[in-house]
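Trainee: The structure's right below; bear with me while I get my questions together.
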Amino acid sequence: AFELLVRICCRHARAVVLASILAAMGAGFYVSKNFEMDSNAEDLISAEVPWRQYQAEFDRAFPQRNNLTVVVIDGVTPERTQQAAAALEKALAGQPKQFPIVRDIQGDAFFAKNGLLFLPAEDVRKATQQIIGAQPFLAPLAADPSMRGIMDSLSTALLGVENGQGDLEQLSPALTALSETLEKTVSGHPAFLSWQKLITGQAPGLRETRRIIEVQAVLDYTKLAPGAASNDLIRRLAADLHLNPDEGVSVRLTGPVPLADEEFATLVDRAGLMAGLMMSAILLTLWVAVRSVKIIAAILLTLFAGLAITTALAIAALGTFNVISVAFIPLFVGIGVDFGIQYTVRYRAERHASGDLEEALARAGKSMGPSLALAALATAACFFSLVPTDYSGLAELGLIAGSGMIIAFFLSGTMLPALLKLMKPKGEQTEVGIARFALVDAFLYRHRRGILISAGVAATIGLALLPLLKFDANPLHLRSPRTESMATVLDLAKDPDTSPNTIDVLAPSRAEADALARRLSALSEVDKTLTLASFIPDDQPEKLALISDAAQLMDTTLNPFEVKPPPSKAETMASIAATKNALRKAAGGASTPGAQAALRLSLLLERLETAGDATLERTTAALVPGLVTVLDQLRFALSAQPVDLAALPRDLQREWVSTNGRNRVQVFARGDSNDDATLENFTNAVRTVAPEATGTPISTQESGRTIVNAFIGAGALSFLAMVVLLAIFLRNLRDVILTLIPLLLIVLLTCATCVVLNLPLNFANIIVLPLLLGVGVAFNIYFVVAWRAGGHNFLQSSLARAVILSAATTATGFGTLWLSNHPGTASMGELLMISLAWTLITTLFFVPPLLESASSR
């Protein structure tokens with residue numbers, strides 16, 4: 001039938017080529033007008049699986065928590081952090097069309113006012129005592145929050161030292177901090193003084209110098225980077241506000257949206273280089289295979305026509321591509337080129353034998369038709385077996401790639417021979433096989449028994465190592481740690497309070513949420529739980545009493561009856577000069593640390609006097625805004641009021657209670673939540689109490705389980721389908737077994753190599769397995785069909801040449817994926833090279849001895 005099809009197409013070559021080109025052009029036009037990309041990773045797994053339904057239920061209850069961009073602000077001082085966060089939040093809120101939701105829970109006035117209530121009672125006592133102890137220092141600053149006020153306050157303190165009312169050593173930390181700041185500003189560098197550190201005497205921690213703003217932006221899922229526009233706008237707003245390291249603050253983006261966007265950015269990074277290397281490798285291998293520009297052109301035209309038609313049919317059937325299904329392109333190219341090479345190499349051998357172009361094309365069709373048909377159907381069966389799985393992205397890939405195999409096979413018997421007929425490539429002057437491999441054929445025949453025993457031992461070792469094969473279900477491991485979003489999420493994960501690895505559970509009411517939280521807190525794997533009730537501080541009477549006492553003592557200090565107007569430059573310079581002189585007088589000729597600190601600061605103030613207006617402005621910016629911020633913080637902190645549910649901010653309540661009254665329970669893991677084993681134990685423990693729980697750890701674990709199950713099910717189904725196809729075509733149980741044994745050996749050797757090289761399977765490289773099965777079964781079929789037709793000495797035949805060059809085309813072409821900056825794609829290229837290497841070794845050096853041994857029985 002295939003021979004007849006080739007003869008008909010050769011007889012009507014012009015019509016066939018014209019129809020094929022028109023079909024390809026029409027398909028290409030349709031693709032250009034209708035191509036759409038769904039880059040939403042959540043759509044890759046069926047929404048019907050239970051854990052996805054729980055996730056969807058939570059997303060409906062709290063839609064404001066979906067598709068978040070997390071803006072992480074780190075400042076050199078707590079004051080600088082607060083200023084930057086407030087400015088950026090205001091700028092983001094000013095763009096409601098692009099950012100409908102902007103949340104800075106930490107920056108809410110409620111927490112500024114009642115923050116002390118959330119500390120343990122003893123910590124509240126210490127904090128209020130520190131504030132009261134700073135009263136003499138704060139009073140003049142509150143009355144004159146300016147450069148003049150800072151200098152005058154220091155001069156007053158030095159006067160107290162002179163009068164015996166203080167000790168210069170007590171002022172040493174403040175003098176040193178001011179000196180360190182001024183050393184930077186008078187040298188032309190921005191600097192920021194931490195007033196909180198001056199008051200408390202303690203270096204601020206990460207929780208004071210870091211703020212997180214959650215942003216829900218409008219996304220465009222028709223683009224590979226749906227959040228690119230919103231992320232660029234956030235960065236532009238931050239740049240306009242001068243929020244950069246030179247200004248004492250850094251702004252980084254992470255969260256689901258930036259993580260996905262930057263993942264696609266790493267995917268396309270080096271894409272031009274990889275595409276160029278891929279095409280160069282394919283062209284070079286095709287040249288070695290067929291030694292004819294015309295034949296190469298015919299193969300590539302047939303390949304691109306099939307690709308265009310397959311893509312158009314996929315769009316018509318599915319509407320859009322996802323990030324997995326678009327991988328059908330390298331799969332189609334890899335196996336489509338194989339079909340072209342197999343046919344044209346056989347055509348060259350027939351052309352050398354007969355000399356007639358059309359007759360050689362027909363004979364090649366007769367010779368290769370059965371094996372190409374069986375290879376195409378078996379490969380398509382491998383891909384179609386993915387369709388019934390819950391892994392929607394892979395199911396769509398299977399449907400498209402499986403259909404593509406049928407199209408590639410059909411065009412190999414129609415468009416390709418018709419093109420060759422019209423192009424009229426030159427005849428072959430020499431044998432197409434590899435004559436020098438005759439010695440290898442002889443060696444394989446003589447030592448076939450030993451080779452089969454060695455293969456059996458290798459298979460046994462592979463089978464023993466198979467349980468050690470790992471599947472890395474953590475999608476974060478597929479992302480480059482060099483990207484901003486990934487580096488930031490790893491940084492956040494170090495702090496249990498900001499780790500993304502928490503679990504959420506919905507409860508029907510507040511009482512049930514609190515009861516559930518208590519049960520979950522009792523688990524050894526759980527560190528803590530949060531509900532809305534967690535924001536009602538305990539021991540309020542005791543804490544409020546401490547705060548009230550401090551507020552009464554500090555009232556006139558922080559809220560003076562009269563605040564001086566902003567100083568003139570002359571007043572500021574006069575205060576600097578007076579403070580400089582007071583410092584030198586206090587230092588005298590002493591060599592104590594306090595005296596040395598005073599002398600150091602006086603010298604810096606002297607430099608400031610002569611440095612010019614720009615330096616004075618820079619120094620003022622380093623000292624005054626932070627002072628104003630910390631004074632405001634103190635006023636807020638000492639105005640705390642009793643807190644009950646009604647007092648909680650509405651935005652905060654919406655984070656914990658849905659519009660229909662369902663309450664959220666957030667659960668935190670005990671131990672290192674970045675450790676996979678810890679996270680798995682934590683997830684399992686929580687789900688024993690709350691099976692309907694959701695969150696990043698659960699989606700990670702269940703995604704891995706869904707994908708593994710999909711491949712197990714698809715593997716079993718594809719194996720069964722191949723057995724049925726082989727049985728129908730070969731009609732001989734022995735021949736079916738001979739075809740499948742090498743395939744099983746390839747799989748075992750590939751998996752064993754992954755174990756030895758510590759290369760785990762993951763969401764990305766597991767896509768290589770369908771290609772491995774497809775190429776492996778195709779190569780085996782070629783040899784078995786040739787053997788059934790009486791073939792021997794395979795390595796010196798044109799078939800071996802075609803197999804070697806076909807494998808080389810796929811390996812050198814798609815092995816370039818190993819160069820990708822995307823870890824998942826790089827692992828895909830690595831696994832592909834491993835699998836193809838074993839496929840080639842097994843096909844060339846195991847299959848011939850296996851077939852020869854079967855012939856002798």
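Trainee: Gain in length, Gln130 to Ser509, computed as 0.36 nm per residue apart minus the alpha-carbon separation, to one decimal in nm?
Mentor: Stretched out fully, the Gln130 to Ser509 stretch lengthens by 132.3 nm.
Trainee: Okay, next question. For Ser797, list long-range residues whose amide hydrogen, built 1.01 Å from N in the peptide plane, is under 5 Å from its own amide hydrogen.
Mentor: Amide H to amide H, under 5 Å and 5 or more residues apart or across chains, Ser797 pairs with Ile434.
Trainee: For the chain, with every protein chain kept in place, what is the accessible area per residue (1.4 Å probe, Å²)?
Mentor: 43
Trainee: Around Val526, which amide H atoms from residues at least 5 apart in sequence, or from another chain, sit under 5 Å from its own amide H, with H modelled in the peptide plane?
Mentor: Those qualifying (amide H under 5 Å, at least 5 residues apart or on another chain) are Arg670.
Trainee: Using θ = phi - 60° and the Karplus form 6.51 cos²θ - 1.76 cosθ + 1.60, what ³J(HN,Hα) does each residue of the stretch 554-565 get, whole Hz, x for Gly and Pro?
Mentor: For the stretch 554-565, the Karplus curve yields 9, 4, 6, 6, 7, 10, x, 5, 9, 10, 5, x Hz.
Trainee: Name the shape class, rounded, prolate or oblate, that the alpha-carbon gyration tensor gives for the chain, where a ≥ b ≥ c are the square roots of its eigenvalues, rounded holds for a/c under 1.5, and otherwise prolate holds if a/b is larger than b/c and oblate otherwise.
Mentor: Verdict is prolate for the chain.
Trainee: Normalising by the residue count of the chain, find the relative contact order in percent from Cα pairs under 8 Å and 6+ residues apart.
Mentor: That works out to 25 percent.
Trainee: Another question, if that's okay. Let me know the shape class of the stretch 653-755, please: from the alpha-carbon gyration tensor, a ≥ b ≥ c as square roots of the eigenvalues, rounded when a/c is under 1.5, otherwise prolate if a/b is greater than b/c, or oblate.
Mentor: Prolate is the answer for the stretch 653-755, as a/c is 1.5 or above and a/b outweighs b/c.
Trainee: Right, something else. So what J values fall out for the stretch 195-209 if you push phi through Karplus, 6.51 cos²θ - 1.76 cosθ + 1.60 with θ = phi - 60°, rounded to Hz, Gly and Pro as x?
Mentor: 5, 4, 5, 4, 6, 8, x, 10, 5, x, x, 4, 5, 8, 9
Trainee: Quick one: Cα centre-to-centre distance for the stretch 80-129 and the stretch 615-655, in angstrom?
Mentor: The stretch 80-129 and the stretch 615-655 have Cα centres spaced 7 Å from each other.
Trainee: Compute the distance in nm between two label points, each set 7 Å from the Cα along the Cα-to-Cβ direction, one at Asp497 and one at Ala86.
Mentor: A separation of 2.0 nm, rounded to one decimal place.
Trainee: Moving to a separate point now. State the extension gain, in nm to one decimal, for the chain segment bounded by Leu284 and Val708, taking 0.36 nm per residue of separation less the distance between their alpha-carbons.
Mentor: Extra length from Leu284 to Val708 when fully extended: 148.9 nm.
Trainee: What residues have an amide H closer than 5 Å to that of Ile101, excluding those fewer than 5 places away on the same chain, when H is modeled at 1.01 Å from N in the peptide plane?
Mentor: Result for Ile101 returns Gln216.
Trainee: If you take every residue apart from Asn681 with its C-beta less than 13 Å away from the C-beta of Asn681, what net charge results, scoring Lys and Arg +1 and Asp and Glu -1?
Mentor: -4
Trainee: Stretch Leu5-Glu617 to full length: gain in nm at 0.36 nm per residue minus the Cα-Cα span?
Mentor: Contour length minus the Cα-Cα distance gives 211.7 nm.
Trainee: Tell me the carbon and sulfur percent of the accessible area for the stretch 1-131, rounded to whole percent, probe radius 1.4 Å.
Mentor: 57
Trainee: Show that you can apply the helix-only estimate: for the chain, add -39,500 (n - 2.57) for every DSSP H stretch of four or more residues, divide by all residues, and state [θ] at 222 nm to the nearest 500.
Mentor: Result for the chain: -22000 deg cm²/dmol, rounded to the nearest 500.
Trainee: Taking GluC sites (Glu not before Pro) that fall in a DSSP loop and have at most 10 other Cβ atoms within 10 Å as cut points, what is the longest piece of the chain between them?
Mentor: Here the longest run is 49-561.
Trainee: Using +1 at the C-beta of Lys and Arg and -1 at the C-beta of Asp and Glu, which of Ser46, Pro642, Pro742 has the Cα lying farthest in the positive direction of the dipole of the chain?
Mentor: It is Pro742, whose Cα lies furthest towards the positive end.
Trainee: Right, another one. 7 Å from Cα along Cα→Cβ at both Glu36 and His12: what's the point-to-point distance in nm?
Mentor: Those two pseudo-labels are separated by 3.7 nm.
Trainee: Between Glu183 and Ala316, what is the label-point separation in nm under the 7 Å Cα-to-beta-carbon projection?
Mentor: It is 7.5 nm.
Trainee: Express in whole angstrom the spacing between the alpha-carbon centres of the stretch 307-326 and the stretch 187-237.
Mentor: 40
Trainee: Let me ask another. Enter the Cα centre distance for the pair the stretch 329-394 and the stretch 691-745, rounded to the nearest angstrom.
Mentor: Measuring centre to centre over Cα atoms gives 23 Å.
Trainee: Could you tell me which of the pairs Lys90/Lys494; Lys90/Lys113; Lys126/Lys184; Lys494/Lys528; Lys366/Lys421 are separated by over 23 angstrom between their Cα atoms in the structure shown?
Mentor: In this structure, Lys90/Lys494; Lys126/Lys184 exceed 23 Å between Cα atoms.
Trainee: With θ set to phi - 60° and the Karplus curve 6.51 cos²θ - 1.76 cosθ + 1.60, what are the ³J(HN,Hα) couplings of the stretch 44-59 in order, to the nearest whole Hz, using x for Gly and Pro?
Mentor: Per residue, the Karplus-derived 3J(HN,Hα) values read 6, 10, 3, 6, 8, 5, x, 5, 5, 5, 4, 5, 5, 5, 5, 5 Hz.
Trainee: What shape does the stretch 126-181 have by the C-alpha gyration tensor, where a ≥ b ≥ c are the square roots of the eigenvalues, rounded means a/c under 1.5, and otherwise prolate means a/b greater than b/c and oblate the rest?
Mentor: Cα axes put the stretch 126-181 in the rounded bin.
Trainee: Moving on. log₁₀ I(q)/I(0) of the stretch 16-142 at q = 0.11, 0.13, 0.16, 0.21 Å⁻¹, via Debye over equal Cα point scatterers, no solvent, to two decimals?
Mentor: -0.76, -0.91, -1.07, -1.27
Trainee: For the pair Asp59 and Ala23, what calculated FRET efficiency results from E = 1/(1 + (r/R0)^6), where r is the Cβ-Cβ distance and R0 = 60 Å, to the nearest 0.05?
Mentor: That gives a FRET efficiency of 0.90.
The values are calculated or read from the model by the stated rules, or taken from the named source; none is laboratory data. All values reported here derive from a predicted model rather than from experimental measurement. Note that we place each Cβ from the backbone using ideal geometry, even for glycine, and neighbour counts take in every protein chain shown. Areas reflect the complete protein model, heavy atoms only, side chains present, ligands, DNA and RNA absent. Shrake-Rupley method; radii C 1.70, N 1.55, O 1.52, S 1.80 Å.
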